[in-house]
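Notes follow the structure.
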Amino acid sequence: MLAALLGICNVAAQERATILKEVSNDSTACIYARALPEAVIYSGKKKSKKLANKGMRVAGTRTAWTPDNIGQEIGSVVETENTFQVQEISFNVMSNGIAGLKLSINIYALDEEKMQYCNVMHTPISIDVPPCTDKKELTVCPTKQLFLVPGRYLVAVKMADCDASIKEEWSDNDKWDNKKRYSMSKQSIHFPLYLKSSYTRKGIADELEKVPVNLGLTVKGVEYR
């Protein structure tokens, strides 16, 4: 009964987050949202669990976003058979050359038969990503409680924003010659790809499109039975 009353208890972390720890070379940047937790009581057995269905790493391949991809969204599909409390979401970045880059995390409940989806978070978790040339694992830790009822979910990373001067410079990129385009290609963020189908979309007004790869996101938390 309590689970039914709770439904999806989607109290998300606030908009901004702060990097607390960062070291180079396959490092982990631990990012914690500045928000106070709310008390939710849930009865039943519980255990730590990882939701991951990323598939095989596609060696030597990656996807790149440039500043003209603001609004682009892609992620990984995960499934839970029981009520699940999200505690961490992690993913890798191969490199980032975009100043002032902000990514955000959203979680969508999926009905793949009807191709319907619903954002279960009131506010996305925002991540400030510093420039880097080495692979980094980013871990987002919401401090407000976020519960998922049994089902399938798209955990998506979105390119949310970057420095205004960079956006202005990229606003007329369709007029660039090849030399200019090559010189500006360093202003990009790169993600590894995994061979398992997922969904992407170009912007909030677009529908999700199924693709054969994903970003390899992992969700850690507590499963209640």
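Three principal axis extents of region 70-225 based on alpha-carbon atoms, in descending order, are 58, 32, 29 Å. For region 42-182, the fraction of 1.4 Å probe accessible surface lying on carbon and sulfur atoms is 46 percent. Need the C-alpha centroid separation for region 109-123 versus region 156-225, integer Å. The distance from the Cα centre of region 109-123 to that of region 156-225 comes to 20 Å. For residue 206 and residue 45, a Förster radius of 35 Å and the Cβ-Cβ distance give a FRET efficiency of 0.30, rounded to the nearest 0.05. By a 1.4 Å probe calculation restricted to protein chains, residue 56 has an accessible surface near 130 Å², given to the nearest 10.
What is the dipole size for region 152-210, taken about its Cα centre, with +1 at each Lys and Arg Cβ and -1 at each Asp and Glu Cβ, in debye to the nearest 20?
Charge dipole, region 152-210, about its Cα centre: 360 debye, nearest 20.
In summary, the aspartates and glutamates within cross-link reach of residue 180, defined as a Cα separation below 20 angstrom excluding same-chain residues under 8 places away, comprise 68, 163, 168, 169, 172.
Annotation: lysines with alpha-carbon distance below 16 angstrom to residue 47 (same-chain offsets under eight excluded): 220. In the complete set of protein chains, residue-level accessible area for residue 168 is approximately 130 Å², probe 1.4 angstrom. Here the label points at residue 167 and residue 122, each 7 Å from Cα along the C-beta direction, are separated by 2.5 nm in the simple model.
List the pairs from 144/186; 54/175; 54/102; 54/135 whose alpha-carbon separation is above 26 Å, in the order I gave them.
144/186; 54/175
Solvent exposure of region 34-176, expressed per residue, is 49 Å² of accessible area, with all protein chains present and a 1.4 angstrom probe. Taking every protein chain into account, the 1.4 Å probe leaves residue 174 with about 120 Å² of accessible area, to the nearest ten.
The values are calculated or read from the model by the stated rules, or taken from the named source; none is laboratory data. The model shown is predicted, which means the values in this text are computed figures rather than measured ones. A quick note on method: Cβ atoms are made from the backbone with ideal geometry, for glycine too, and the neighbour counts reach across all protein chains shown. Areas reflect the complete protein model, heavy atoms only, side chains present, ligands, DNA and RNA absent. Shrake-Rupley method; radii C 1.70, N 1.55, O 1.52, S 1.80 Å.
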